[in-house]
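Each reported figure results from applying straightforward, stated rules to the coordinates on display, with no laboratory input. Quantities reported herein were computed from a predicted structural model and do not represent experimental measurements. Positions of Cβ are backbone-derived with ideal geometry, glycine not excepted, and every protein chain shown enters the neighbour counts.
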Amino acid sequence: MRLCTTARAAASCAVTAIALTTLSAPPAAADTRPWYGGDVVEIQTHADKCFDVAGISAEDRTPIIQYGCDDETHQRFRLRRLPDGSVAIQTFAGKCLDVEHGSSADGARLVQFRCHAEPNQRFRFTPTSRGRFIIRTAAGKCLDVRDGSLGDQAPIVAYSCHGNVNQSFYLVPVRPWSGM
C-alpha cells in the first residue's frame, strides 16, 4: 500500500478516498450538493502546471490551458455533482468547462462557456493509481494536455483515451474564491 507522505500526495489521497466513496453511491435525483466536501480544486497536470482560464477572461469560449500554478482564482474550479452522477466544472467567472461546440472529434478544445448542463459540459472522474484522475467527457473522450506538452499555454483538449500521463490529473483542494 502506498503511503501519502508529501502534502500533494496527502491531499490527493484524501480526494481519492472521498471520490471513491462518493462515486460508488448513486446520487439521489434531487442531489445538488457539491461533488465532495472540498469542492473547489486546482486541477494539476503531469507537467506540475494547473488548468487555467486563458488571459483571466470571463468571456465565453475562452480556452482552458495549462499554466504554472499561481494560486489565483482563474486556476480554481468548483466541482458540482449533477443528478445523473456526472460533474459540472465551474470557473471563477461562473461559466462551465465545455467541450467546444459539443464536438466529439479528437483535439476539440476545452473552453469556458455559460452553464447549460448539456452533455458537452458533463464530466466523469475515474480515479487511477498514484492519486490522479482521468476526466472523461460525455462523448467518451479524455481530457488531455495537447501533445503531452510540458510548456505553459498548452491547450486542454478532448482526445481518445490512451492512458498516457497527460490524460491524468491531480485534484488539489483549495480555498474558494471571493464571492462564493
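For this structure, a couple of remarks:
- Selection of segment 65-124 for residues being among the hydroxyl-bearing types (Ser, Thr, Tyr), surrounded by fewer than 22 Cβ atoms within 10 Å (Cβ to Cβ) and more than 16 Å from residue 137 (Cβ to Cβ) yields 67, 73.
- Check on residue 60, in a strand (DSSP E or B) and more than 20 Å from residue 127 (Cα to Cα): no
- Odd one out for residue 130 among (1) of a type in the set (Lys, Arg); (2) within 22 Å of residue 48 (Cβ to Cβ); (3) crowded, with 21+ Cβ neighbours inside 10 Å: (3)
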